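The values are calculated or read from the model by the stated rules, or taken from the named source; none is laboratory data. Only a predicted model underlies this, so the values are computations on that prediction, with no experimental measurement involved. Glycine also receives a Cβ, built like all others from the backbone with ideal geometry; neighbour counts cover every protein chain displayed. Note: areas computed on protein heavy atoms with side chains; ligands, DNA, RNA excluded. Shrake-Rupley method; radii C 1.70, N 1.55, O 1.52, S 1.80 Å.
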Amino acid sequence: MIFLHRINSRPGTRNKKGHIRKSTGEALDRWYQSRSFLRLNLAVRDAVAERPRITTIAGFRLPGRSESGGTDQPVGNSRSQVIGPMPRRQSVSPVVVQDIQPRVMRLASPFKAGLFFSLGRLMIWLYGISSFLLGTATDKILRRDSIDRRAVRLRECIAGIGGTFIKIGQQLSIRIDLIPYRYCVELTRLLDKADPFPSEDAIRIIESQTGRKISEMFAAFDPEPIGSASIACVYQAELHTGEKVAVKVRRPGVGETFMADLRVMGWIFQWLELTTIIRPGFTSNVLQELRDTLLEELDFYKEARFQELFRRRARTAGRSFFSAPRVYPQFSGEQVMVQEFVSGIWLSELIAGVEQNHQPTLDHMRKLNIDPKLVARRLLWASHWGLWENIFFHADPHPANIIIRQDSRLIFIDFGASGSLTESRRLAMHELFAREAEEDLEGIARVALTLLEPLPPMDTDKVIHAIEKVFWDAMIAQRSEHSEWWEKTSANLWLGFFRVTNQFKIPMGVDHVRMIRATLLYDTLAARLDNQIDLGEQYRSFMRDAGKKAKKRLQKKIRQRVERGPTPTDYVKFERLLKMGDRALYLAQRVMNLRTYNFGALLGKFVSAVILLVTVTFQTIAATGIIVLAVYLSRWIGQESEPSFNDTIRTVVNNPWYIAGLTIILLINVRRMLFRLSDDEVR
């Protein structure tokens with residue numbers, strides 16, 4: 001039987017001719033009773049009965065149906081017919097999941113130093129420092145003291161202590177403007193002449209890192225290192241393809257030694273802050289930045305990537321006089337880096353030959369067509385390129401990290417310490433150099449202050465005045481014809497800048513410190529090679545070259561827009577420009593509605609002082625209560641009768657040790673309150 005639903009319409013409606021229309025339901029009732037409907041119904045029923053029964057759809061059996069037209073048994077009565085294997089999709093190709101271990105997981109916590117190992121490092125520190133002082137005092141008593149003996153003793157003590165002390169000695173070796181020249185000459189031996197570790201350990205590390213036998217990697221391997229520094233030893237080898245390579249292997253245990261030294265520094269800094277010798281919280285950033293710097297130098301993965309990027313970008317910089325060795329990543333790892341072997345003259349040898357007028361070195365330089373003055377200019381060009389155009393700069397360009405090849409070509413190695421500048425800091429530095437050329441001291445000081453943002457609470461007028469004095473002294477020295485060569489570098493300027501930041505307790509970011517440090521090194525090295533070099537003129541020469549290249553790029557883009565019209569990216573930039581305009585209007589309205597004084601900021605330091613006072617009071621009361629309770633219990637255990645609680649309190653309060661300890665705690669916290677109250681709010 002076919003069931004048709006009745007569709008009711010509103011009765012009484014009229015048709016086009018105006019006659020009253022009967023409802024649809026009444027018309028259907030008459031049709032249901034007619035013979036034609038009965039014949040149609042019987043024909044449809046017979047057709048359905050003769051049609052093959054549909055029992056499955058897309059491979060699934062319909063419940064309650066059978067191919068014979070009857071009804072199946074209810075689902076679930078036959079469990080064995082329901083549960084069973086079904087056809088499955090076969091994989092097109094076998095899936096192989098590689099055992100990939102991301103670097104971030106491997107280096108999340110690479111080095112750890114235990115308590116006893118750190119205490120041992122502290123003992124080594126004390127022994128090395130006392131050896132230098134006692135040795136110098138003994139020489140003075142025996143009247144045999146000399147600068148040569150002190151320089152050798154200093155180098156031996158630093159090498160004996162090892163770890164972070166060698167890194168400090170390496171930096172002092174090029175600061176001829178800070179320490180005597182004889183000290184610098186002796187400390188240069190720390191750059192690549194540290195005591196090597198056994199070659200068996202190096203071979204074991206290479207094989208464990210690469211998963212290959214050393215005979216499978218190299219056709220020849222020299223077990224005697226050609227360089228031995230504080231972090232790694234470098235060996236020469238030859239690949240089976242005939243290429244000569246340098247194999248850099250990290251020292252075993254150097255990471256743990258660095259972490260132990262940092263832990264010892266943390267103890268010393270905590271004691272200095274606890275006794276308020278230095279301002280509480282001032283050393284936290286220093287220690288963290290030092291830790292990040294040392295860990296970065298131990299990360300050979302990152303160093304290899306920096307070196308590869310530097311080499312590739314230097315090739316497209318339009319200058320062929322500087323580059324970096326090629327890296328072989330298939331043979332490198334976390335503790336091993338294999339790179340192209342580069343031969344030439346070390347920059348340290350070149351500087352020593354120029355300063356000491358060493359004739360064999362000068363003859364070798366002429367044979368290779370190496371001009372020290374040209375090398376100085378190219379050093380500064382590479383420095384400016386890294387700071388202003390490249391995405392990073394070499395932050396550790398000491399003389400043992402630069403090789404001079406034939407025709408005065410520069411090869412940079414050891415990219416363990418690299419830094420980068422944000423676009424805003426680059427603009428600030430360009431503005432700083434522009435104000436320096438105009439001799440605008442106030443403008444220089446204000447721009448230099450922006451490099452330190454965000455600023456802590458302070459009186460900016462005093463800071464600007466101090467920076468003006470530093471730049472004034474540096475400007476007078478640089479423009480005087482009677483100044484020494486080192487006075488014409490940026491050394492005095494940036495060292496004075498550091499003194500200002502320390503005076504006003506202004507923290508500096510790690511990239512900012514690296515930029516200043518790299519600038520100091522490049523300027524000092526260039527001035528040692530050419531005492532008459534004009535550092536400001538070299539910067540302006542680089543900017544002229546950069547301006548010419550920018551002009552060509554801009555003209556090319558303009559021609560493309562004129563010929564082809566704006567690109568889709570241009571429309572996106574137009575939209576962003578409109579949004580920036582809307583935001584600028586909003587910020588302008590907001591600035592106009594700001595109040596002149598921020599009373600919350602003015603009261604902030606007093607609130608902090610009150611909170612510190614309340615905290616110390618509650619801590620003192622709690623500590624006193626614990627001491628009184630401990631004394632009361634000890635008396636109660638040792639006596640038959642119960643002691644008086646009031647007598648116990650008086651005994652503790654009147655105890656000299658308690659009074660001395662309480663006095664020390666109060667003095668320390670009073671100094672902390674004075675530090676906070678002496679802060680000047682940002683104006």
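Look at the Cα gyration tensor of the range 384-425: its axes a ≥ b ≥ c give a/c of at least 1.5 with a/b at or below b/c, and that counts as oblate. Between Phe322 and Leu410, the built amide H atoms are under 5 Å apart, and every one of these is 5 or more places off in sequence or on another chain.
Can you give the accessible area of Cys157, probe radius 1.4 Å, in Å² rounded to 10? For Cys157, the solvent-accessible surface is approximately 20 Å². Arg514 sits with roughly 20 Å² accessible to a 1.4 Å probe, with DNA, RNA and ligands left out of the calculation. Cβ-Cβ distance of Ile226 and Glu481, R₀ of 41 Å, FRET efficiency by 1/(1 + (r/R0)^6): the value works out to about 0.40.
Protein heavy-atom surface of the range 210-346, 1.4 angstrom probe: 53% of the accessible area is carbon and sulfur, with nucleic acids and ligands not counted. Could you tell me what % of all Cα pairs in the range 448-587 have separations over 23 Å? More than 23 Å apart: 59 percent of the Cα pairs in the range 448-587.
Taking every eigenvalue of the Cα gyration tensor of the range 349-406, multiplying by 5 and rooting it, what semi-axes result, largest first, whole Å?
Numbers: eigenvalues 130, 26, 16 Å².
Taking √(5λ) for each Cα gyration eigenvalue gives 26, 11, 9 Å.
Can you sort Ile506, Ile141, Ile203 by solvent-accessible area, 1.4 Å probe, largest first? Don't skip to the answer; put the middle values down first.
Working: Ile506 5, Ile141 135, Ile203 50 Å².
Descending accessible area places them as Ile141, Ile203, Ile506.
For the range 350-456, the percent of C-alpha pairs falling in each 5 Å distance bin, counted from 0 to the bin holding the largest distance, reads 2, 11, 15, 16, 14, 13, 11, 9, 5, 2, 0, 0.
Pairs from the table (Lys248/Lys549; Lys112/Lys248; Lys140/Lys488) lying more than 29 angstrom apart at Cα are Lys248/Lys549; Lys140/Lys488. The calculated FRET efficiency for Ala550 paired with Thr651, based on their beta-carbon distance and R0 = 60 Å, is about 0.15. Oblate is the label for the range 414-488. Its Cα gyration tensor axes, ordered a ≥ b ≥ c, give a/c of at least 1.5 and b/c at or above a/b. The charge dipole of the range 162-246, taken about its Cα centre with unit charges on the Cβ of Lys, Arg, Asp and Glu (plus for the first two, minus for the last two), comes to roughly 300 debye. Using only Cα atoms, locate the centre of the range 330-356 and the centre of the range 446-483, then give the distance between them in Å, rounded to an integer. Computed from Cα coordinates, the inter-centre distance equals 37 Å.
Net charge in the neighbourhood of Thr164 (other residues with Cβ under 15 Å of its Cβ; Lys, Arg +1, Asp, Glu -1) is -2.
Pull out a ≥ b ≥ c, the square roots of the eigenvalues of the alpha-carbon gyration tensor of the range 145-278, then state rounded if a/c is under 1.5, prolate if not and a/b is larger than b/c, and oblate in the remaining case. Oblate shape, in that a/c is at least 1.5 and b/c is the bigger or equal ratio.
Ligands, DNA and RNA aside, Thr624 has an accessible area near 30 Å² when probed at 1.4 Å.
Of the residues Pro196, Ile147, Phe218, the one whose Cα sits farthest toward the positive end of the charge dipole of the range 144-255, with +1 on the Cβ of Lys and Arg and -1 on the Cβ of Asp and Glu, is Ile147.
Hey, can you find the accessible area per residue of the range 280-372 for me, probe 1.4 Å, expressed in square angstrom?
Values: 4590 Å² over 93 residues.
Ligands and nucleic acids excluded, the figure is 49 Å² per residue.
Taking every alpha-carbon pair under 8 Å whose residues sit at least 6 apart, the range 149-291 reaches a relative contact order of 17 percent.
Extension gain, Glu156 to Lys462, is 105.8 nm, computed as 0.36 nm per intervening residue step minus the present C-alpha separation.
With r as the distance between the Cβ atoms of Ala219 and Gln270 and R0 = 60 Å, compute the FRET efficiency 1/(1 + (r/R0)^6) and round to 0.05. Write down the numbers at each step before the final one.
Numbers: r = 53 Å, r/R0 = 0.89.
With a Förster radius of 60 Å, E is 0.65.
Ranking Leu309, Tyr181, Trp271 by Cα position along the charge dipole of the range 176-334, where only Lys, Arg, Asp and Glu carry charges on their C-beta atoms, puts Leu309 farthest toward the positive end. Accessible surface calculations at 1.4 Å, restricted to protein heavy atoms, place the range 458-599 at 67 Å² per residue.
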